[in-house]
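Undergrad: Before anything else, here's the structure in question.
The values are calculated or read from the model by the stated rules, or taken from the named source; none is laboratory data. Keep in mind that what you see is a predicted model, and the values were worked out from it rather than measured. Positions of Cβ are backbone-derived with ideal geometry, glycine not excepted, and every protein chain shown enters the neighbour counts. Only protein heavy atoms, including side chains, enter the accessible area calculation; ligands, DNA and RNA are left aside. Shrake-Rupley method; radii C 1.70, N 1.55, O 1.52, S 1.80 Å.
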Amino acid sequence: MRLNKFIALHSKYSRREADRLILDGAVKINHTPATRLTSVPQAIIDNPHKTYKDFKVFIHGRELHYCKPQSYTAIVYHKPKGELVSKKDERNRKLIYDSLGKKYAHFMPVGRLDFASEGLLILSDSKEVVRKLMESHLLRVYLIKIDSPITQDMITAMQKGIVLHDARLGGHHLNKITTMQVSPMTYTIIKNDRISKLKVGLKEGKNRELRRFFAHFNANVLDLKRVSYGFIHLNHLPVGKMRFFTKQEYTDLKEFLYGDSNKKRKKSALLH
């Protein structure tokens, strides 16, 4: 276990933030700045208990105390169209928690799918898990149907990204966003016709981004279904049903949260 991983495991900081703290001289080991210890960047901390006894790690002068990783639960829900990802709704529309039941009322969603969309929704009882997944650049993959042929302008914008100077089209009528930067996305064209189908991969998927994107080209999104979120895949989970993370998914999640290598995540998150 490298020093940045050790810090991320036992503090609020991510590994990237830990690297910055080390470079800035904010991290000390036994009161010596980590940057002066040439072995620290490559140091392997095999046993956290032993490390905690042999080394005292300080960040901004405060000692970092060893703590056991918190236990948590994560589930996958196949959200149907016509359900709101919210705790309440003034219009009394159906909520995802109406289907999930009281047992999962305290679970928090990783991002949202709008009322008219369906597909994979991750929920967890851990704020840390939810926050880190939401802030990550894991690939979110969607199956989309639009009421238009896929044009070369659309393809170019998907490849290079685009600034939507008027992003109101496709957004919620109460939303105040008027402009939006859409980053390059991966895509596979399944059918290009009067009604077209494609698979699209985004690293964010914010605020009806795909609906706004296609509306910019005068195309309406007829169906939008999220089929994967990084290393988590919807597969054949029926609409309106939930499942717990598999053993492998929990392993991948722990690797994502605390691990040094992200090769497996990148491989599993590729758009096919």
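Undergrad: Which pairs have Cβ atoms under 7 Å, sit 6 or more apart or on different chains, and link a residue in segment 111-124 that is more than 14 Å from Arg208 (Cα to Cα) to one that is crowded, with 16+ Cβ neighbours inside 10 Å and of a type in the set (Gly, Ala, Ser)?
TA: Pairs that qualify, where the first residue is more than 14 Å from Arg208 (Cα to Cα) and the partner is crowded, with 16+ Cβ neighbours inside 10 Å and of a type in the set (Gly, Ala, Ser), are Leu120/Ser228; Ile122/Ala74; Ser124/Ala74.
Undergrad: Quick one: which residue in Glu90, Glu63, Glu17 is within 30 Å of Leu224 (Cβ to Cβ) and modelled with pLDDT of 75 or more?
TA: Step by step, each of Glu90, Glu63, Glu17 is checked, and only Glu90 is within 30 Å of Leu224 (Cβ to Cβ) and modelled with pLDDT of 75 or more.
Undergrad: If I go through segment 232-246 residue by residue, how many of them are assigned to a loop (DSSP other than H, G, I, E, B) and either closer than 22 Å to Ser136 by Cβ or in contact with a Gly (Cβ under 7 Å, 6 or more places away or on another chain) (or both)?
TA: 5
Undergrad: Are there strands (runs of 3 or more DSSP E) fully within segment 128-214 with at least 3 residues that are exposed (fewer than 14 other Cβ atoms within 10 Å of the Cβ)? List them.
TA: 186-191
Undergrad: What are the pairs with Cβ atoms under 9 angstrom where one residue, in segment 182-206, is within 20 Å of Ser148 (Cβ to Cβ) and the other, located anywhere, is in a loop (DSSP other than H, G, I, E, B) and among the basic types (Lys, Arg)? Sequence gap at least six, or different chains.
TA: Met185/Lys203
Quick grid of which residues meet (1) among the hydrophobic types (A, V, I, L, M, F, W, C); (2) out of contact with any Ser or Thr (no Cβ under 9 Å at 6 or more places or on another chain); (3) at pLDDT below 95; (4) at positive phi:
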| residue | (1), (2), (3), (4) |
| --- | --- |
| Ser99 | no, yes, no, no |
| Lys102 | no, yes, yes, no |
| Gly111 | no, yes, yes, yes |
| Ile122 | yes, yes, no, no |
| Leu143 | yes, yes, no, no |
| Ser148 | no, no, no, no |
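Undergrad: Right, something else. Looking at this structure, is Tyr72 at pLDDT 85 or above and closer than 22 Å to Glu128 by Cα?
TA: On the way: at pLDDT 85 or above: yes; closer than 22 Å to Glu128 by Cα: yes.
For Tyr72, the condition - at pLDDT 85 or above and closer than 22 Å to Glu128 by Cα - is met.
Undergrad: A follow-up question, please. Listed residues Lys5, Lys53; which is part of a helix (DSSP H, G or I), open to solvent by 70 Å² or more (accessible area, probe 1.4 Å) and modelled with pLDDT under 90?
TA: Numbers: Lys5 fails: open to solvent by 70 Å² or more (accessible area, probe 1.4 Å).
Result of the check over Lys5, Lys53: Lys53.
Undergrad: A further question on this structure: Among the residues in segment 256-263, are any farther than 30 Å from Tyr13 by Cβ and at pLDDT below 95? Explain how you work it out, then say what you get.
TA: In the first step, residues of segment 256-263 are kept if they are farther than 30 Å from Tyr13 by Cβ; the result is none.
For segment 256-263, residues farther than 30 Å from Tyr13 by Cβ and at pLDDT below 95: absent.
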